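Written below as structure tokens is the structure these notes are about.
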Amino acid sequence: MTHETKGAAWRRELEGADLQRYERVKAEFVEGADLFRRARKALNMSQVETAKLLGTTQANVSKIENRSEPDLDALWRLSRAIGGSFSVSIKTPDGEILEYSV
């Protein structure tokens, strides 16, 4: 028996423009998943240093950085640990920007 993710199951049902949009959004999520690594490197921190700061292991930092989607909880914890802030914004189709900051 093979294990199929939810995304893979409904992806098979997409066609044409819907499939193209799915692939574009998926690529954007992969880019977003790299945000934790980019933040760590911008802080000139190794995975070991980041792990100590977050109270976890280097192996867990590596797992966070190699996910296929962004880990918002990990990004929030990193921002708090360095004394920064964290926000999420959504731009609606009519151009309104909804933002949540912590």
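Just so you know, all these numbers are worked out from the coordinates, no wet-lab data involved. Note that this is a predicted model, so its numbers are computed, not measured. Don't worry about glycine lacking a Cβ; one is built from the backbone with ideal geometry, like all the others, and counts go over all protein chains shown.
Got a sec? How would 22, 100 order by Cβ neighbour count within 10 Å, fewest to most? Please list the in-between numbers first.
Values: 22 14, 100 9.
Ordered by Cβ neighbours within 10 Å, fewest first: 100, 22.
Considering just Cα atoms, how many Å³ per residue does the convex hull of the range 56-102 enclose?
Numbers: hull volume 3.6 nm³, N = 47.
Each residue corresponds to 76 Å³ of Cα convex hull volume.
Which far-off residues, 5 or more places away or on another chain, put their amide H under 5 Å from the one on residue 86, with H placed in the peptide plane?
Residues meeting the criterion, in which the H sits 1.01 Å from N, are 102.
Taking other Cβ within 10 Å of each residue's Cβ, how do 71, 34 sort, fewest first? Walk me through the intermediate numbers first.
Numbers: 71 17, 34 14.
Fewest-to-most Cβ neighbours within 10 Å comes out as 34, 71.
List the aspartates and glutamates whose alpha-carbon lies under 17 Å from that of residue 26, not counting same-chain residues fewer than 8 positions away?
Here the aspartates and glutamates satisfying the reach criterion relative to residue 26 are 4, 13, 15, 18, 34, 65, 69, 71.
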